[in-house]
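See structure below.
Any read-out appearing in this document is the output of simple, stated calculations on the displayed coordinates, not a laboratory observation. Nothing here was measured: the structure is a model prediction, and the numbers come from that model. Neighbour counts run over all protein chains shown; Cβ positions are idealised from the backbone, glycine included.
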Amino acid sequence: MRTKTIIRTCEISDYPALRAFDEFMGDRRIDMQQGNLLVTTLDDVVAGYAKVAPSEFMGWPLLSIVCVSPLHRRQGIGRDLVEGAKSAAQWLRLYSSTEASNVAC
């Protein structure tokens, strides 16, 4: 059974860990400075992150990225990040989408 994940606001010190598994375009340091990233840790290791842009979708918040380290996939961490983004937010609504190519590996 896996240890409980901890969802928290991303800190600049998390950047090297994120960079090691980040598959998406863009510079996460900018997202960090804007306060748009949450990370999840598992046994004090950064296992994934989620990006919520507060007004990216027609003025509404958009959960635009959920990225989990390949070593931690298929363990419910992505689900934890989505739930964390929903519950940590001050949103009335939170939008999200996915690509057709997003399949389990």
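What are the residues in region 66-81 that are free of Cβ contacts under 8 Å to residues at least 60 places away in the same chain, buried (at least 16 other Cβ atoms within 10 Å of the Cβ) and either under 10 Å from the mean Cα position of the chain (by Cα) or part of a helix (DSSP H, G or I) (or both), if any? Result: Val66, Cys67, Val68, His72, Gly78. What about Arg8, is it at negative phi, surrounded by fewer than 21 Cβ atoms within 10 Å (Cβ to Cβ), free of Cβ contacts under 8 Å to residues at least 40 places away in the same chain and within 11 Å of the chain's Cα centre (by Cα)? Taking the combined requirement at face value, the residue satisfies it.
Of a type in the set (Phe, Trp, Tyr), within 14 Å of the chain's Cα centre (by Cα) and either part of a loop (DSSP other than H, G, I, E, B) or crowded, with 19+ Cβ neighbours inside 10 Å (or both): does that describe Tyr15? When the stated conditions are applied, Tyr15 does not pass them. For region 19-65, filtered to residues that are in contact (Cβ under 8 Å) with a residue 40 or more places away in the chain and outside any loop (DSSP other than H, G, I, E, B), the residue that is farthest from Leu81 (Cα to Cα) is Ala20.
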